[in-house]
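The structure appears right after this line, and notes come after that.
No value in this document is a laboratory result; all are computed from the given coordinates. In this text, all values refer to a predicted model and were calculated from it rather than measured experimentally. Cβ placement follows ideal geometry from the backbone for every residue including glycine, while neighbour counts extend to all protein chains displayed.
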Amino acid sequence: MLQVQNIEKYYGSKNNVTCALNRVSFDVEAKEFLAIMGASGSGKTTLLNCISTIDSISAGKILLDGVNIADLSEEELAGFRRKRLGFVFQDFNLLDTLTIEENIGLALSLNHTNPKTVQNLVQDVAQKLGITDILSRFPYQVSGGQKQRAACARAMVAGQSLLLADEPTGALDSKASKNLLEIMSAMNQDMGATIIMVTHDAYSASYAKRVLFLKDGRVFNELLRGERGRPVFYHEILDVLAALGGDVSDVI
Amino acid sequence: MTLSKLSLRNAKRQAGDYLVYFVTVVMAAGLLYSFNGLAFSQEVQELSEKMDTLPIIIVLASIAVVCVFGWLVSYATGFMLSRRSRELGTYILIGLTNQQVARLFFLENLSVGGAALALGLVLGGFLYQFLRAILFAMFGLPYHFSLAFSVPAAGLTLFYFALIYLHALRKSRKRIQRMKIYDLIYFEKQNEGMIIQKGNSRRLVFAVSLVLGMAGTVLLMFGELMTGIIGSGCLIAALFGYFLSFASGVPAFFDKYPAQKYRGQNLLIFRTLSAKLSTMGIIMAIISMIFTATIITEGSGLMFNGLFRGRSAENACFDLYFAIEGEDQDPSPYLDYIAEYIPVEQSVLYQVYLTDSPTVRDYIESQTVYYYYNYEQDPILRWSDYAALRSIAGYPTVEPEPGRYLIHCMTYLEEPLRNYDQPITLGSITLSPGSVCTERLSQSFGVANGRGYILVVPDEAVDGLAVHHLAYAAKTSQPVPAAQYDALTDIAATEYNKQENPANYALVSTKANEDAQVAVQTAIFVFPLFYLALALTMTAATILTIQQLSETERYRRQFVLLRKLGMARKEMAQALSRQFAVYYVMPAVPPVLIAAPIIFHLTRVPEPGVMVGMSSPLVIVAISLGLFFLIYSIYILLAYTSLKRNVLPQ
């Protein structure tokens, strides 16, 4: 589904260049749940921004279903984000002037979905994520976990095929985090969503089927969960983090 | 870092954050100084002895303007305090006392006000020159640029500013001293909680306000005084009801028609608006009322301007004119004085006659609104006198039409009189209708060339007709000075008092005196009205703009998210401009609906024939609205460009 080929990303001016991504390559299959881990400054969020077309790459290619996203115009990129990508952010990014229902429906409205069907589609997705009772509330009236589930609903309501999550559990307590990760797993397994999740939390990453480790802008290691149970996978992730050479506390 | 350094740094940053507000305060200082300059200027007062009331009028207008700007500064200071509550709370958290924070806030606002005042005095110097140039042009005097600093004008401006700022800062100081750290740090959260409030009562108010709005507009359309008052009351109530309940009206509408919510960009536009209105409904209603007052004030200014100019233009067509009511009057006291003191190039002494019956007047009354004051019959002028009057006034000659009578009238009577097809009979001579001329011919006095119209007939046709008055018109070598005009009016008064039973009055008019009168009246009535209107528009538009620009960060976050969700830049620019348009149009629509009929009604109050051409009712309504929207759009443009630059992703 997604092919990232030798991408590089440089920031800064002539005399002060920072390499954020250095020849990063990997593929993501459809219906996969991939976690990208790394310490602060390792390039995780830059990578996610490049995949989501919010940021441009300096070299390499990103192909989505064989289409090089660098070849798309600004308008085509907007359409691409609208139809194909769903976002879940650490700070929820819900508009505080809209109700939860409207925040979810906004994605459909941007997609020019027939206005008459919007409410039904929102109801459907809300039911799947267990947030039907808070639809008429405003973001400031619901908990962090509920906000994040609403963000998940918005990320998939328009039938987006790739869900990009940037530290989705970063602002949640452990109970809400667990709840959200179970929902994301269900979205992946039951609804067939392809998920790429950036996190520095080993516990969150253990819900993925595969984990990519970034260090200084390069892919340092890759870990497949296979048939192993989640607790075992969690410990393996911790082992890799230890092998990364940094302080484990940086990434847990 | 000392408190004063911190104050200065904050003041600089504040000026950047609230640039539009700062510019308005500078303008306010400039306006106050320039008008104070006029009030204190010896040169301006010497333009005419009637200008001695100007300082009082300007001080009165300035008091109103100070109240308006005082409200603006007080509102903006309170608003900035709310926006910066977290920062101020942090100062207390790190150990400053409430008093110290209050002093900090006081000092930085005082330095912003001081800087605005200093810049305003410079700007005011130029504004004063601009006003001076207009005044000199109105008095027909040559203007020379001379930049002078008026200490009393600056002193009074400083006094006004001190009042404005001390009032606003006293309020803020009290507020800060009462506030607790928690309130300051979590102030924004309190606001957030108020974003949307639902409730059936609000929906009811919304519905009632719409009905009241419609009823008020219809009542105003009747144009009657009583219905007008009730209608205005309804509209004011509607204004408050509408803005206070709009926030819940939108969700109610969307609940009823959910499909409309997700159509196009409705969701973004109306939700942002209703969120804004739910916290500033009362302010929006006040702004709407200020806009109404602005447009009506501008309309009144234009109406007075049109009235003074209209009356004067009609009367000022001859350099010198006098008339004495009644038959067999003796003009020699006047003529002797003129012969001795006023060089005359061309003149005519003539009589205005009356027909036996007012047939033309009756016809006019059946066709249009007409006040026939002082003429019981149709007035008549001889061809030869008429030809001389035209020559003196500088109009092209009109060829006599044998067997016909010519009608010379004011423009507002032209249409009905062109359709008049009845002959007139004067003694044994019957004349059929001829041409109609409409140049200005001094036709609005009681002893003038008719009241609105006069019939011009062959010289021989006036034999045996009654004389209404004796008149004299002249073209002088130079404008008649005020002293000579006064001397002639003294003669008129003396002659009047000589009569055993004073009944026949006399009138003296000069073009120079009429022009001076217009200039004085404009300076005394029109200038202060526009001064006030400008202050009102600037205040209301600034508050709207401060509110809008304070949302820059929220808008920026909104558009960053929308970009991630796949909204194209073009669509984002569209959404922003629509959000903007709705936000700025909303408080301007009710004022236009209320003020336009009121101005229209006002401009129809003066006697017919004066408010014509550029002063006709519809033109005045259009110019009033145009002036208002011109200033308003400057603020809109400033806010839009600033917001577009800062919130739309590149």
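For segment B:68-98 and segment A:61-76, what is the separation of their C-alpha centers, rounded to whole Å? Value for the Cα centre distance between the two parts: 49 Å. Across chain B, the longest run free of exposed loop sites, meaning GluC sites (Glu not before Pro) lying outside DSSP classes H, G, I, E and B with no more than 13 other Cβ atoms within 10 Å, spans B:47-223.
In order along segment A:224-235, the Karplus-derived 3J(HN,Hα) couplings, from 6.51 cos²θ - 1.76 cosθ + 1.60 at θ = phi - 60°, round to 9, 7, x, 8, 6, x, 5, x, 5, 4, 4, 5 Hz, and Gly and Pro are given as x. Have a look at B:THR537, B:LEU549, B:TYR505 and report the one farthest towards the positive end of the charge dipole of segment B:448-570, computed about the Cα centre with Cβ charges (Lys/Arg +1, Asp/Glu -1). Result: B:LEU549, furthest along the dipole toward the positive end. In terms of its alpha-carbon gyration tensor, chain A comes out oblate; a/c meets the 1.5 threshold, while b/c is at least as large as a/b.
Each Lys and Arg Cβ is given +1 and each Asp and Glu Cβ -1; about its Cα centre, segment B:448-569 then shows a dipole of about 1780 debye. In chain B, the longest principal axis of the Cα atoms and the axis of helix B:332-341 are about 60 degrees apart.
Would you work out the charge dipole size for the protein assembly as shown about its Cα centre, treating the Cβ of every Lys and Arg as +1 and the Cβ of every Asp and Glu as -1, and quote it to the nearest 20 debye? Before the final figure, lay out each step's value.
Numbers: 74 positive and 76 negative charges, 1336 e Å.
That gives a dipole near 6420 debye.
For segment A:205-223 versus segment A:98-173, the spacing of their alpha-carbon centroids is 28 Å.
Rounded to the nearest Hz, the phi-derived 3J(HN,Hα) couplings of segment B:594-610 under the Karplus curve 6.51 cos²θ - 1.76 cosθ + 1.60 (θ = phi - 60°) are 7, 6, 4, x, 5, 5, 4, 5, 4, 6, 9, 6, x, 4, x, x, 8, where x marks glycine and proline. Here the calculated FRET efficiency for A:THR117 and B:ARG178, from their Cβ-Cβ distance with R0 = 60 Å, stands at 0.70, rounded to the nearest 0.05.
Between A:TYR140 and A:GLN3, residue separation times 0.36 nm minus the direct Cα-Cα distance comes to 45.5 nm.
With each label modelled as a point 7 angstrom along the Cα→C-beta vector, the B:ILE94-B:HIS144 pair spans 5.9 nm. Here segment B:273-329 and segment A:1-60 have alpha carbon centers that stand 67 Å from each other. The distance between label points at B:ASP356 and A:ASP124 comes to 9.7 nm (points 7 Å beyond Cα on the Cα→Cβ vector).
Note that segment B:115-128 has calculated 3J(HN,Hα) couplings of 5, 5, 5, 4, 5, x, 5, 5, 4, x, x, 6, 4, 4 Hz, one per residue in order, obtained from phi through the Karplus relation 6.51 cos²θ - 1.76 cosθ + 1.60 (θ = phi - 60°); glycine and proline are x.
Just check chain B against the gyration tensor rule for me: Cα atoms, a ≥ b ≥ c as the square roots of the eigenvalues, rounded for a/c under 1.5, and otherwise prolate or oblate depending on whether a/b exceeds b/c. It comes out prolate by the Cα gyration axes.
Would you mind estimating how fast the protein assembly as shown diffuses translationally, via Stokes-Einstein at 25 °C and 0.890 mPa s with the Kirkwood radius over Cα pairs, in µm²/s?
On the way: Rh = 34.0 Å.
Answer, rounded: 72 µm²/s.
The simple spin-label model puts a point 7 Å past each Cα toward its Cβ; for A:TYR10 and A:LYS31 those points are separated by 4.2 nm.
So, R0 is 25 Å and r is the distance between the beta-carbons of B:LEU19 and B:PHE159; what FRET efficiency does that work out to, to 0.05? Before the final figure, lay out each step's value.
On the way: r = 26 Å, r/R0 = 1.05.
With a Förster radius of 25 Å, E is 0.40.
Since only B:PHE69, B:ALA39, B:ILE58 are under comparison, the one whose Cα sits farthest along the positive direction of the charge dipole of segment B:28-88, derived from C-beta charges on Lys, Arg, Asp and Glu, is B:PHE69. Note on B:ARG557, B:ARG271: ascending count of other Cβ atoms within 10 Å places them as B:ARG557, B:ARG271, the fewest first. Of all stretches in chain A that contain no GluC sites (Glu not before Pro) in a DSSP loop with at most 13 other Cβ atoms within 10 Å, the longest one is A:30-226.
How do B:THR641, A:THR113, A:THR199 rank when sorted from fewest to most other Cβ atoms within 10 Å of their own Cβ? Don't jump to the answer; show the numbers that get you there.
On the way: B:THR641 10, A:THR113 17, A:THR199 26.
Arranged by neighbour count, lowest to highest, B:THR641, A:THR113, A:THR199 become B:THR641, A:THR113, A:THR199.
Looking at the square roots a ≥ b ≥ c of the eigenvalues of the Cα gyration tensor of segment A:1-122, which shape do they give, rounded for a/c under 1.5, prolate if a/b is larger than b/c, or oblate?
Numbers: a/c = 2.05, a/b = 1.75, b/c = 1.17.
The shape class here is prolate.
Sorted fewest first by neighbouring Cβ atoms within 10 angstrom, A:LEU121, B:LEU225 come out as B:LEU225, A:LEU121.
Roughly speaking, what is the stretch gain from B:PHE629 to B:GLU340, that is 0.36 nm per residue apart minus the C-alpha to C-alpha distance, in nm to one decimal? Can you show the working numbers first?
Working: separation 289, 0.36 × 289 = 104.04 nm, distance 5.49 nm.
Going from the current span to full extension adds 98.5 nm.
Which listed residue (B:LEU576, A:SER185, A:PHE220) has the Cα farthest towards the positive end of the charge dipole for the protein assembly as shown, taking +1 on Lys and Arg C-beta and -1 on Asp and Glu C-beta about the Cα centre? So the residue we want is A:PHE220.
Per-residue ellipticity at 222 nm for the protein assembly as shown, helices alone: DSSP H runs ≥ 4 residues times -39500 (n - 2.57), over residue total, nearest 500 deg cm²/dmol? It would help to have the intermediate numbers written out before the result.
Working: 33 runs with 529 residues, N = 902.
One gets -19500 deg cm²/dmol as the mean residue ellipticity at 222 nm.
This model, with +1 at the C-beta of Lys and Arg and -1 at the C-beta of Asp and Glu, gives segment A:95-228 a dipole about its Cα centre of some 220 debye. Taking a quarter of the surface of the Cα convex hull of segment B:320-473 gives a mean projected area of 8.7 nm². For segment B:313-341, backbone nitrogen atoms closer than 11 Å to the point 7 Å from B:ASP463 Cα along Cα-to-C-beta are found at no residue. Using the Cβ-Cβ distance between B:PHE126 and B:LEU60 with R0 set to 25 Å, the FRET efficiency works out to roughly 0.55.
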